[in-house]
Amino acid sequence: MSATNAFETDLLELIFQGLTITSVAQNAAAPATSLYISLHTADPGETGDQTTSEATYTSYARIAVARDATGFTVSGSSATNFAATLFPTCTGGSNIITHFGIGLSLSGAGTLLLVGSLTTPLLVTNTIAPVFQAGQLVASVD
């Protein structure tokens, strides 16, 4: 069984923009106002959390993104970052970033909702600030 295209869009709008799926699901009474983008050195997999293979370079931190149309764009079965997403500049250590995650917590082993792979791995070394332009981070359901 697979989801219809219309439901895929509705589901992503519920997750990323807090929009109700009429007669099916509504946003929580006290909904999350942000989602948190994390960087990963390997695929966290379907059983991972936000800390699984998470970046460890010095100064790294997850980025809060508004859970609405100013944070994410939804089109069809994909959601993308609406604006450029800038991570802190590396001040020590290094990582090769291969994946990004979208989760519920600013820190710790929070729930990881979706994971995407980068088209090209990103080497983060001293003085590098990872930045992803609008539309560059793509999370899909299918």
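No value in this document is a laboratory result; all are computed from the given coordinates. Computed from a predicted model, the values in this text were never measured in an experiment. Here the Cβ positions follow ideal geometry from the backbone for every residue, glycine too, while neighbour counts run over all protein chains shown.
Here is how the numbers come out for the structure above:
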{"quantity": "Kirkwood hydrodynamic radius over Cα pairs of the chain, then Stokes diffusion coefficient at 37 °C and 0.692 mPa s, in µm²/s", "calculated": "212 µm²/s"}
{"quantity": "Max mean-square fluctuation residue, GNM over the chain, Cα-Cα springs under 10 Å, options Leu39, Leu12, Leu122", "calculated": "Leu122"}
{"quantity": "Helix-derived mean residue ellipticity, 222 nm - over the chain, DSSP H n ≥ 4, -39500 (n - 2.57), to 500", "calculated": "-3000 deg cm²/dmol"}
{"quantity": "Length-normalised contact order for region 5-140 - Cα pairs under 8 Å, 6+ apart - percent", "calculated": "27 percent"}
{"quantity": "Simple label model, 7 Å out from Cα along Cβ direction - Val131 to Ser34, nm", "calculated": "2.0 nm"}
{"quantity": "Rounded to 10°, Cα long-axis angle of helix 5-17 versus longest principal axis of the chain", "calculated": "60 degrees"}
{"quantity": "The chain: most fluctuating residue of Ala69, Ala30, Ala109 per GNM, C-alpha cutoff 10 Å", "calculated": "Ala30"}
